[in-house]
Amino acid sequence: MNFGGISVKARKIRIFDTTLRDGEQTPGVALRPEQKLQIAQMLNRLGVNAIEAGFPAISEGEKKGVGLIAKAGLAAQIYGLARAEKSDIDACVKVGVGSVHTFIATSDLHLKFKLKMTREQVLEKAVEAVSYAKSLGLDVEFSAEDATRSDREFLRQVYKAVAEVGADRVNIPDTVGTASPQEISSITKDVVGITSLPVSIHCHNDFGWAVANSVAALEAGAQSVHVTINGIGERAGNTSLEELAASLAYLNFNEKYETSIALNRIYETSIFVSNLVGIRPQPNKAIVGDNAFAHESGIHTHGVLSNPLTYEPIKPEDVGRSRTYYAGKHAGAHGVSAMLGEYGIAPDREQAKLILDQVKTIGDAGGRVTEVELLEIAGKVMSLRQFERMVHLTGFSVTTGIGNNPYAFVKLNIGGKDYVGTSDGVGPVDAALKAIKNVTGAWDNTFKIKDYRIGAVSGGSEAMCEVTVEVEDGGGSSAVAKSKGYDIVITSVQAMLEAINRAMLKKELKSIRQNV
Ligand code: KIV
Ligand code: ZN
């Protein structure tokens with residue numbers, strides 16, 4: 001690494017990913033074995049150093065999933081979780097993992113109300129588990145669960161004892177996220193001093209401190225961080241991989257840190273995991289949230305268009321993202337004109353006012369206008385033919401019922417020419433979208449549906465639904481469109497066509513922009 005011409009040696013930090021274990025403990029999340037394997041492969045490509053693949057002792061499916069990952073030949077070190085019990089450790093060995101993460105609680109609260117054990121018994125169990133795992137030739141990471149609420153002297157005793165019987169690493173869990181960075185720092189220094197082993201930190205986000213606490217541990221000498229993709233995990237989740245990796249790469253701390261994470265793969269991994277676990281990060285989530293690189297207010301849009309550094313601390317492309325401009329009720333004439341100016345479009349004063357008025361009307365109704373939609377508005381106001389929509393729906397029908405496969409027929413007019421397509425599908429929506437794909441594929445086969453989501457806006461059988469469709473063209477550029485309505489099939493068709501039209505326009509705009 002090189003800072004201002006001075007070469008600085010960075011400390012390598014080990015990224016221990018527990019998306020497939022603590023992440024899967026998120027309420028409502030359960031992955032099938034093949035899905036776990038797919039996520040492990042993505043994590044491996046992302047560059048994590050260790051993957052906690054699951055907890056083999058808890059179910060047959062979990063055994064199968066961890067076994068598949070252990071045998072997949074990944075570069076990352078694969079761990080299975082085990083209570084400090086011989087049977088749990090045996091379950092890890094049986095599925096073929098060579099590394100075990102074994103744990104037992106050490107806080108008096110857990111001892112009294114959960115384990116019903118004395119401190120002496122816990123110490124004995126911890127030593128016995130680590131010795132047993134080592135006797136089987138395993139690589140062992142030991143955790144004192146609820147470490148941050150444990151009596152410090154007892155905690156020292158436990159970590160010292162497991163180090164003496166051969167633990168390879170020790171981990172400090174802040175199990176309910178209650179520690180402050182100062183406390184984490186003090187415990188970490190203690191554990192590093194007493195064991196001389198590589199120390200990991202495992203933080204939960206109950207008070208929103210997981211990333212800050214993980215960094216505090218690194219600053220105090222920890223070498224490894226337990227993380228999950230999108231910060232998923234029990235209750236408020238765990239330290240988020242993307243936030244930690246970006247923080248270590250971009251922010252200044254006492255030391256310089258290096259990880260093996262390919263930052264530009266972060267977003268694709270986040271999307272992949274969120275699709276499989278069925279949880280989307282909140283829009284304002286750092287790095288991976290929908291709004292993390294979106295600009296709406298006039299002042300911000302204008303600033304970013306002049307120089308992105310004004311309101312972007314990270315280049316979106318560095319983390320696999322792209323920048324989005326929105327115009328809404330905060331939009332100003334300056335921002336809107338600057339957005340259009342990027343495409344060589346210069347409305348006169350009257351046109352600019354009409355465009356801004358339409359944007360504000362949408363904004364006041366709670367909506368916001370993407371860059372592509374803004375160009376559509378400008379195209380209409382300024383009668384610019386190149387911004388007219390290419391694809392029009394001219395005919396559509398769908399049949400469904402019991403005994404027959406759902407079947408759809410669509411007629412589209414694309415650039416003045418009529419096309420007809422049909423398809424069956426697993427349901428009426430699937431049939432309709434496939435029929436559209438069959439038509440558009442005959443004319444441009446680079447489009448694919450990247451994301452489809454449906455939600456109810458209101459309740460009851462007359463509920464209104466909202467459909468979001470994202471399509472991607474062969475060049476990797478994607479366009480998202482939303483549609484609201486009472487009929488889920490028609491609303492899905494409308495969203496799909498809107499997304500295709502936007503993707504077309506985006507393609508057109510890309511070439512205009514390159515020539516401006
Ligand atoms: O949060 C926690 O304490 C854990 C342990 C199993 C390490 O996840
Ligand atoms: Zn945990």
**Item:** Candidates E234, E243, filtered to the one that is outside any helix (DSSP H, G or I) and acidic (D, E)
**Value:** E234
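Looking for something modelled with pLDDT of 95 or more, out of contact with any Phe, Trp or Tyr (no Cβ under 6 Å at 6 or more places or on another chain) and of a type in the set (V, I, T) - is there at least one such residue anywhere in region 3-14?
Initially, region 3-14 is screened for residues modelled with pLDDT of 95 or more, giving 11-14.
Filter again for out of contact with any Phe, Trp or Tyr (no Cβ under 6 Å at 6 or more places or on another chain), leaving 12, 14.
Among the residues that remain, those that are also of a type in the set (V, I, T) are: none.
No - not one qualifying residue is present in region 3-14.
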**Fill in**
The number of residues in region 412-455 that are outside any loop (DSSP other than H, G, I, E, B) and either open to solvent by 80 Å² or more (accessible area, probe 1.4 Å) or not hydrophobic (A, V, I, L, M, F, W, C) (or both) is 24
**Request:** Only residues in region 139-158 that are closer than 21 Å to Q182 by Cβ count as the first member; pair them with residues that are within 13 Å of ligand 2 (Cβ to nearest atom) and charged (D, E, K, R), Cβ under 8 angstrom, at least 6 apart or cross-chain, and list the lot.
**Result:** A147/D174; T148/D174
**Message:** Considering only residues that are within 16 Å of ligand 2 (Cβ to nearest atom), under 16 Å from I13 (Cβ atoms) and open to solvent by 40 Å² or more (accessible area, probe 1.4 Å), which ones fall in region 179-208?
**Reply:** none
**Prompt:** Restricting the search to region 122-172, which residues are farther than 18 Å from A82 by Cα and open to solvent by less than 10 Å² (accessible area, probe 1.4 Å)?
**Reply:** F154, L155
**Message:** Can you pull out every residue in region 111-147 that is touching a helix residue (DSSP H, G or I) at 6+ places or on another chain (Cβ under 8 Å) and within 16 Å of ligand 2 (Cβ to nearest atom)?
**Reply:** F142, A144, E145, D146, A147
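Looking at S180, is it more than 16 Å from ligand 1 (Cβ to nearest atom) and either at positive phi or among the hydroxyl-bearing types (S, T, Y) (or both)? Write out each step before concluding.
Values: more than 16 Å from ligand 1 (Cβ to nearest atom): yes; either at positive phi or among the hydroxyl-bearing types (S, T, Y) (or both): yes.
Yes, satisfied.
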**Asked** Would you pick out the residues in region 382-411 that are open to solvent by less than 60 Å² (accessible area, probe 1.4 Å) and assigned to a loop (DSSP other than H, G, I, E, B)?
**Response** M382, L384, G401, P406
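Take the residues in region 229-249 that are under 15 Å from D174 (Cα atoms) and within 14 Å of ligand 1 (Cβ to nearest atom), then tell me which one is most open to solvent (accessible area, probe 1.4 Å). Before you say what the answer is, go through the steps one by one.
So the first thing to find is which residues in region 229-249 are under 15 Å from D174 (Cα atoms), and the list is 231, 233-240.
Retained after the next criterion (residues that are within 14 Å of ligand 1 (Cβ to nearest atom)): 231, 233-239.
On the way: G231: 11, G233: 3, E234: 59, R235: 122, A236: 50, G237: 1, N238: 4, T239: 0 Å².
Across region 229-249, the extreme among qualifying residues is R235.
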**Complete:** Residue pairs within 8 Å by beta carbon, gap of at least six or interchain, first lying in region 341-365 and outside the structural domain of Y326 (by TED's automatic domain parsing), second of a type in the set (V, I, T), listed first then second, are none
**Request:** Please state which one of E34, E62 is part of a helix (DSSP H, G or I), open to solvent by less than 30 Å² (accessible area, probe 1.4 Å) and either assigned by TED's automatic domain parsing to the domain that holds F103 or closer than 23 Å to D139 by Cα (or both).
**Result:** E62
**Asked** Assuming I13 fulfils every condition listed in (1) surrounded by fewer than 24 Cβ atoms within 10 Å (Cβ to Cβ); (2) within 19 Å of N275 (Cβ to Cβ) apart from one, which condition is it?
**Response** (2)
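For (1) in contact with a strand residue (DSSP E or B) (Cβ under 9 Å, 6 or more places away or on another chain); (2) assigned by TED's automatic domain parsing to the domain that holds N264; (3) in contact (Cβ under 8 Å) with a residue 24 or more places away in the chain; (4) assigned to a loop (DSSP other than H, G, I, E, B), each residue gets a yes or a no:
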position: G28; (1), (2), (3), (4): no, yes, yes, yes
position: Q38; (1), (2), (3), (4): no, yes, yes, no
position: N44; (1), (2), (3), (4): yes, yes, yes, no
position: I51; (1), (2), (3), (4): yes, yes, yes, no
**Request:** State the number of residues belonging to region 209-228 that are open to solvent by 10 Å² or more (accessible area, probe 1.4 Å) and within 16 Å of ligand 2 (Cβ to nearest atom).
**Result:** 2
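The values are calculated or read from the model by the stated rules, or taken from the named source; none is laboratory data. Since the model is a prediction, treat every value here as computed from it, not as a measurement. Glycine gets a Cβ as well: all are built from the backbone with ideal geometry, and neighbour counts include every protein chain shown. Please note that ligands, DNA and RNA were not included when accessible areas were found on the heavy atoms of the full protein model with its side chains. Shrake-Rupley method; radii C 1.70, N 1.55, O 1.52, S 1.80 Å.
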